[in-house]
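S.K.: Dropping the structure in here first, questions after.
The values are calculated or read from the model by the stated rules, or taken from the named source; none is laboratory data. All of these numbers come straight from a predicted model, not from anything done at the bench. Virtual Cβ from ideal backbone geometry, glycine too; neighbours counted across all protein chains shown.
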2 protein chains.
Amino acid sequence: MALNYSRQREAIKTCLMGRKDHPTADMVYMSIKQEYPNISLGTVYRNLQLLTDLGQIQKIKVGDGIDHYDGDVSPHYHFYCTKCHSVLDLEMDRVDMINDIASRNFDGQIQGHILCFTGLCGECAKAELS
Amino acid sequence: MALNYSRQREAIKTCLMGRKDHPTADMVYMSIKQEYPNISLGTVYRNLQLLTDLGQIQKIKVGDGIDHYDGDVSPHYHFYCTKCHSVLDLEMDRVDMINDIASRNFDGQIQGHILCFTGLCGECAKAELS
DNA sequence: AACAAAATAGTAATGATTACTAATTTAATC
DNA sequence: GATTAAATTAGTAATCATTACTATTTTGTT
């Protein structure tokens, strides 16, 4: 039950810390494969889930049906470009007041929300003008 | 290219109009199977997508990884109970000002957002107290 | 009724994710 | 450093939601 060290898990964590593109499990797998050519995709999935449960990384849903992962666990929202499918961080404060608004005519207990913004990223918006 | 009538498509639409539980494709399939025992799951998926494209129903993402469908296309938000997995409508106005907030320090173009609230529904919140 | 286009049922394929198992690695003890 | 039990892995098979494919049926028009 105790947690043992594993170089694969370290590599996964280091990979996520070192990039800001919010990769999917498969993207992490491809990346780590270069250092550990025979790492298993299952190992990547298992450790991504484990690290998520430990609160060391976070799993994010951007609406494309594939789970993305973020090494930055500080609370922040994400943006999903519907054209190039990139996932970007947004610099904005939490808008938890929307939880209160949602609670007004609701008899359950609102505990949180899943929020992801969509549109065109800077590059795709620029390309749209040509 | 023209759209022909199909009793299966009508049944799917009628099914969605007649229930408020935001069913998944499989739930719609199970329901319609009672009237049309040999309807195909593929037919359900194809028509759900078609009706969504036509704007007659909407596909909603609640964070459980499975697409849910709603016969009510008026703009409104949803609530997902993390305990019983029910999906409920919320009576609250759109909070489109969060798009403006998100735009402030962002150089792309925010066009919309995916927002779903989570927590305990009325029944599960009550059950929690015992 | 006859015909072409559209839709279907049934099945196979896909893609993301999870489960399983034998072999390897870790960490603690001697 | 060898021993050992628990944890972890690689590799593969299985699962689940969804999409693709194809021969057959249904629809709408002449």
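S.K.: Can you go through B:100, B:67 and tell me which one is assigned by TED's automatic domain parsing to the domain that holds residue B:121 and closer than 30 Å to residue A:123 by Cβ?
M.R.: Exactly one of B:100, B:67 is assigned by TED's automatic domain parsing to the domain that holds residue B:121 and closer than 30 Å to residue A:123 by Cβ, namely B:100.
S.K.: If you don't mind, another one. Working carefully through the options B:36, B:80, B:29, B:69, find the one that is within 14 Å of the chain's Cα centre (by Cα), within 16 Å of DNA strand D (Cβ to nearest atom) and more than 14 Å from chain A (Cβ to nearest Cβ).
M.R.: Of the residues listed, the single one that is within 14 Å of the chain's Cα centre (by Cα), within 16 Å of DNA strand D (Cβ to nearest atom) and more than 14 Å from chain A (Cβ to nearest Cβ) is B:69.
S.K.: Given the conditions (1) of a type in the set (S, T, N, Q); (2) free of Cβ contacts under 8 Å to residues at least 24 places away in the same chain; (3) within 9 Å of chain B (Cβ to nearest Cβ), and given that residue A:74 satisfies all but one, which numbered condition is not satisfied?
M.R.: (3)
S.K.: Something else now. Looking for whichever is more than 9 Å from DNA strand D (Cβ to nearest atom), without any contact (Cβ under 8 Å) to a residue 60 or more places away in the chain, among the aliphatic types (A, V, I, L, M) and more than 14 Å from chain A (Cβ to nearest Cβ) here; the options are B:3, B:16. Which one fits?
M.R.: It is B:16.
S.K.: Tally the residues that are surrounded by 13 or more Cβ atoms within 10 Å (Cβ to Cβ) and closer than 17 Å to residue A:13 by Cβ, restricting the search to region A:42-72.
M.R.: 21
S.K.: I need the full set of residues from region B:83-98 which are surrounded by 16 or more Cβ atoms within 10 Å (Cβ to Cβ) and at the interface with chain A (Cβ under 7 Å from one of its Cβ atoms), in order please.
M.R.: B:90, B:92, B:95, B:98 - these are the residues of region B:83-98 that are surrounded by 16 or more Cβ atoms within 10 Å (Cβ to Cβ) and at the interface with chain A (Cβ under 7 Å from one of its Cβ atoms).
S.K.: Kindly indicate whether any position in region A:117-125 is more than 10 Å from chain B (Cβ to nearest Cβ), surrounded by 13 or more Cβ atoms within 10 Å (Cβ to Cβ), in contact (Cβ under 8 Å) with a residue 40 or more places away in the chain and part of a loop (DSSP other than H, G, I, E, B).
M.R.: No, that holds for no residue.
S.K.: Since residue B:105 meets every condition but one in (1) surrounded by 14 or more Cβ atoms within 10 Å (Cβ to Cβ); (2) within 14 Å of another protein chain (Cβ to nearest Cβ), which condition does it not meet?
M.R.: Of everything listed in (1) surrounded by 14 or more Cβ atoms within 10 Å (Cβ to Cβ); (2) within 14 Å of another protein chain (Cβ to nearest Cβ), residue B:105 misses just condition (1).
S.K.: Sort out which residues of region B:23-41 are surrounded by 13 or more Cβ atoms within 10 Å (Cβ to Cβ), within 12 Å of DNA strand C (Cβ to nearest atom) and without any contact (Cβ under 8 Å) to a residue 12 or more places away in the chain, and write them in order of number.
M.R.: B:33
S.K.: If I ask for residues that are over 18 Å from residue A:64 (Cβ atoms) and within 14 Å of DNA strand C (Cβ to nearest atom), which ones from region B:49-75 would you list?
M.R.: B:50, B:51, B:54, B:56
S.K.: For region A:53-62, state whether one or more residues are among the small types (Gly, Ala, Ser), closer than 30 Å to residue B:125 by Cα, within 12 Å of the chain's Cα centre (by Cα) and modelled with pLDDT of 95 or more.
M.R.: no
S.K.: For residues that are charged (D, E, K, R) and more than 15 Å from the chain's Cα centre (by Cα), scanning just region A:1-22, find the one that is nearest to DNA strand C (Cβ to nearest atom).
M.R.: If we take residues in region A:1-22 being charged (D, E, K, R) and more than 15 Å from the chain's Cα centre (by Cα), then A:7 is nearest to DNA strand C (Cβ to nearest atom).
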